[in-house]
């Protein structure tokens, strides 16, 4: 009798386990797949019900806040939204700058002193901060401004965008760029799609002709 009862219990346990296995398999099939090739989905896209609105601002350490504040406003034409000073003095400690005066800030510059170590080439950390221009004419204007100020630049044609790369007085990497509207990309992927270059005529034409493909980067 006990043997038959134990057998019935074992069968029930097996049946319940089978139900759980089927349910788990169904749930897994219902999840969006992470595919290679044309369809790419990150774990965040698959698992999260939220995402940030956008990347909003950057905070940069500089050796001299006064110098950097002047440089960023002269090069980019940014609005000064707020400033902070060192205690007991008139020396600038931090500045908050924005492209749009209706936005709190796009970049904050915090002074860390003249003896602070500068970034080293190839070290782990931020590569560059990119500023998107509204059109190709605006990109050409800031390109000429950088040239007039004697700022060394590098230009890269990414097929869907054109980027101008340079550094601020403390060696922080910067980029100004213009990107085509999505319906003009003529390719699915922005950087590995193999699109045609040469769609961004401007004062950088000769520089691009002289550069080798090995110098381009995103």
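Tabulated values for the structure
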quantity: Sites residue 80 and residue 124, calculated FRET efficiency, Cβ-Cβ separation with R0 22 Å, nearest 0.05; calculated: 0.10
quantity: Peptide ranges 188-198, 116-126 listed from the most packed, as the mean C-beta count within 10 angstrom indicates; calculated: 188-198, 116-126
quantity: Separation of the residue 90 and residue 145 label points, Cα + 7 Å toward Cβ, nm; calculated: 2.7
quantity: The stretch 51-117 - Kirkwood radius from inverse mean 1/r over Cα pairs (Å); calculated: 12.5
quantity: Inter-label distance, nm, simple model (7 Å from Cα along the C-beta direction), residue 167/residue 117; calculated: 1.6
quantity: Calculated FRET value between residue 57 and residue 186, using beta carbons and R₀ = 41 Å, to 0.05; calculated: 0.80
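Each value in this text was obtained by applying a stated rule to the coordinates, not by laboratory testing. Predicted model, so just to flag it, every value in this text is computed and none were measured. Counting neighbours? That spans all protein chains shown, and the Cβs are built from the backbone with ideal geometry, glycine included.
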